[in-house]
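The values are calculated or read from the model by the stated rules, or taken from the named source; none is laboratory data. These figures come from a predicted structure and were not determined experimentally. Cβ atoms come from the backbone with ideal geometry, glycine included; neighbour counts cover every protein chain shown. In case anyone asks, the SASA skips ligands and DNA or RNA and just uses the protein heavy atoms, side chains included. Shrake-Rupley method; radii C 1.70, N 1.55, O 1.52, S 1.80 Å.
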Amino acid sequence: MPNSRYDAVIVGGGHNGLVAAAYLARAGRRVLVLERLPRVGGAAVSARVFPGVDARLSRYSYLVSLLPRKVVRELGLRLELRRRRIASYTPAVRDGKPTGLLVDAADPARTRDSFRALTGSDREWQAWQRFYGMTAEVARQVFPTLTEPLPTRAELRRRVGDDTAWTALFERPLGEEVERRFTDDLVRGVVLTDALIGTFTHAHDPELRQNRCFLYHVVGNGTGDWDVPVGGMGAVTDALAEAALAAGAEIRTGCEVTAIATDGHGDAEVSYRHGDESEATVAGRRVLVNAAPATLARLLGEEPGPGPAPEGSQLKVNMVLRRLPRLRDAAADPREAFAGTFHIAEGYRQLETAYAEAAAGRLPSAPPSEIYCHTLTDPSILGPEAARQGLHTLTLFGLHMPARLFGVPYDRAAEERALAASLAQLDAVLAEPVADCLAVDADGRPCIEARTPPQLEREIGLPGGHIFHRDLAFPFTEEEPAGVAARWGVATAHPNVLLCGAGAVRGGGVSGIPGHNAAQAVLAGPDR
Ligand SMILES: Cc1cc2nc3c(=O)[nH]c(=O)nc-3n(C[C@H](O)[C@H](O)[C@H](O)COP(=O)(O)OP(=O)(O)OC[C@H]3O[C@@H](n4cnc5c(N)ncnc54)[C@H](O)[C@@H]3O)c2cc1C
């Protein structure tokens, strides 16, 4: 027999579970969050990764775009998100000489000059302006809908109000639009990367995975800006946990949910195991699942949904540096170049080749990746000694590194090859090897760690290491949804079990949106 009864039991204390808990507890519901790990936050956490080095790294996710201001305001979150002045820098070689493309968010004239110097005219710059003008307008229309009941395809199309933009972004493979608007391979590649972050696909995927991924990367808060969470990603989770606790939610860490039993009506029973191996069961009028849909199927004792199992495709590398490396492009200041998103081997053709190689089961010969330095925008993640030494953190997010490359059982040598190949691409644009700039930890080891998809599955429970729990969905429904949960995009096959994490429609990324939407579905539903 269950020994406790709650209005809502939340399976998983990722940032979305905490958002749902905060909203429901504030509405007076009795809420219990059960988290498997000893800490909350899931993929949105900070950690001191290297012994003796006081730098709190955003170990997995690192930038925030999709967290609605509305959620920050409504939950009273104490949180600062800081705009990056430099949006991106992309090293290049032209006429045999190192150069680069700098996108300075605060200085359009400087960005124009950089385009002109790289491409020889203003054509690509003008195309860039028009393209991102279009996405900005789409963002302004689409973003507010993400925290409303799901629109139908026709409703969202009307709201976007621009048939050309709709066709380009929602109906035709994004590669067609990129090739139609841009001619320079490097510029095309920079545009395409937003379609590939955390999504193993290519420019012409007929299933439009690239379009869905692109959309989530350009609509955040109606601008698509990616901001730095001051204090690191852990500060986002801390603010959410504080809001949930202050509202009266109960959070138990070290509690892995092992089964959910429901006949769809009445209470569901949630069984979990404490760290000390003792078992317990609680009853919930609703169960909100922050764990991935594949995990939910297992907990219900059901078969996973149709289609291939989720598979992540990224290599995350965390580093602490003694100093920023110098660049081959001597005109570029590393303090600017590394402050924005620094693209490596992400030309359009390079992205295509890397995808084809990985899809064929081979490590990409020139792995594409992007890096970014948190401490240039927010040094507050360094302790006093690390700050005095002038340390910097560097995050590398590698694309086209699907879980299948790392074998079963886990192939450590493949991980080492993937890391070495990615660093070689970085070194190719530096005037000195990055290894020479790494800080060393208390044991004399260089401060660098890599995380492949299988490691992310083991560490934080992402199925197949998929950073969005499963492939992203377009933010609309094809049919008039049946029931409140479906209207909010959080339905499962069981009326009293809802998704509240990245696997929901409009999930994915550090957004809190599925947590908000699941809470709204509970609050709008029958109060059984
Ligand atoms: C390397 C990496 C980099 C990323 N970079 C960014 C970025 O810069 N910006 C961005 O917006 N997004 C980024 N993402 C994606 C983003 O972090 C995730 O999509 C988001 O954090 C998902 O949040 P969530 O709360 O829905 O799920 P999760 O963070 O996955 O949390 C789910 C929680 O459920 C718990 N759980 C699972 N099973 C059980 C169980 N049986 N019992 C109890 N608890 C359970 C897990 O331990 C976890 O705490 C990145 C992800 C990764 C991995």
Original post:
Here are VAL93, VAL71, VAL9: which of them is within 16 Å of the ligand (Cβ to nearest atom) and either open to solvent by 60 Å² or more (accessible area, probe 1.4 Å) or assigned to a strand (DSSP E or B) (or both)?
Top reply: VAL9
Original post:
Restricting the search to the range 295-324, which residues are farther than 27 Å from ILE448 by Cβ and open to solvent by 40 Å² or more (accessible area, probe 1.4 Å)?
Top reply: ARG298, GLY301, GLU302, GLU303, PRO304, GLY305, PRO306, GLY307, PRO308, ALA309
Original post:
Assuming GLY248 fulfils every condition listed in (1) touching a helix residue (DSSP H, G or I) at 6+ places or on another chain (Cβ under 6 Å); (2) in a loop (DSSP other than H, G, I, E, B); (3) closer than 27 Å to ILE467 by Cα apart from one, which condition is it?
Top reply: (3)
Original post:
If we scan the range 65-77, do we find a residue that is over 19 Å from THR237 (Cα atoms) and without any contact (Cβ under 8 Å) to a residue 40 or more places away in the chain?
Top reply: no
Original post:
If you scan the range 299-317, which residues turn out to be outside any strand (DSSP E or B), under 24 Å from the mean Cα position of the chain (by Cα) and within 14 Å of the ligand (Cβ to nearest atom)?
Top reply: PRO310, GLU311, GLY312, SER313, GLN314
Subject >> Among (1) touching a helix residue (DSSP H, G or I) at 6+ places or on another chain (Cβ under 6 Å); (2) buried (at least 20 other Cβ atoms within 10 Å of the Cβ); (3) part of a helix (DSSP H, G or I), the one test that GLU457 misses >> reply: (2)
**OP:** Output the residues belonging to the range 147-156 that are closer than 17 Å to GLU479 by Cα and either crowded, with 18+ Cβ neighbours inside 10 Å or in contact (Cβ under 8 Å) with a residue 24 or more places away in the chain (or both).
**Re:** PRO149, LEU150, PRO151, THR152, ARG153, GLU155, LEU156
Original post:
Here are VAL257, VAL320, VAL236: which of them is within 14 Å of the ligand (Cβ to nearest atom), touching a residue at least 40 places away in the same chain (Cβ under 8 Å) and part of a strand (DSSP E or B)?
Top reply: VAL257
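One line per residue, one yes/no per condition, for (1) in contact with a strand residue (DSSP E or B) (Cβ under 6 Å, 6 or more places away or on another chain); (2) over 26 Å from GLU370 (Cα atoms); (3) among the hydroxyl-bearing types (Ser, Thr, Tyr):
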position	(1), (2), (3)
ALA105	yes, no, no
ARG116	no, no, no
TRP128	no, no, no
ARG140	no, yes, no
ARG157	no, yes, no
GLY161	no, yes, no
ALA165	no, yes, no
LEU174	no, no, no
Subject >> Residues located in the range 159-181, provided they are open to solvent by 20 Å² or more (accessible area, probe 1.4 Å) and under 20 Å from VAL505 (Cα atoms) >> reply: ARG159, GLU171
**OP:** Search the range 509-528 for residues being at pLDDT below 95 and over 18 Å from ARG26 (Cβ atoms), and hand back the single one that is least open to solvent (accessible area, probe 1.4 Å).
**Re:** PRO526
Subject >> Candidates GLY96, GLY100 - the one that is over 25 Å from the mean Cα position of the chain (by Cα), free of Cβ contacts under 8 Å to residues at least 60 places away in the same chain and farther than 30 Å from VAL282 by Cα >> reply: GLY96
Original post:
Within the range 395-407, can one find any residue that is of a type in the set (Val, Ile, Thr) and either under 20 Å from the mean Cα position of the chain (by Cα) or open to solvent by 50 Å² or more (accessible area, probe 1.4 Å) (or both)?
Top reply: yes
Subject >> Residue satisfying condition, being in contact with a strand residue (DSSP E or B) (Cβ under 7 Å, 6 or more places away or on another chain), over 25 Å from GLY515 (Cβ atoms) and aliphatic (A, V, I, L, M), within set LEU186, LEU196, LEU208, LEU192 >> reply: LEU186
**OP:** Only residues that are near the ligand (Cβ under 9 Å from one of its atoms) and either of a type in the set (Gly, Ala, Ser) or open to solvent by less than 20 Å² (accessible area, probe 1.4 Å) (or both): list them for the range 34-52, please.
**Re:** LEU34, GLU35, GLY41, GLY42, ALA43, ALA44, VAL45
**OP:** Pull up the range 366-394, narrow it to residues that are over 19 Å from VAL190 (Cα atoms) and among the polar types (S, T, N, Q), then point me to the one that is most open to solvent (accessible area, probe 1.4 Å).
**Re:** GLN389
Original post:
Taking the condition hydrophobic (A, V, I, L, M, F, W, C), within 30 Å of VAL440 (Cα to Cα) and within 14 Å of the ligand (Cβ to nearest atom), does LEU81 pass?
Top reply: yes
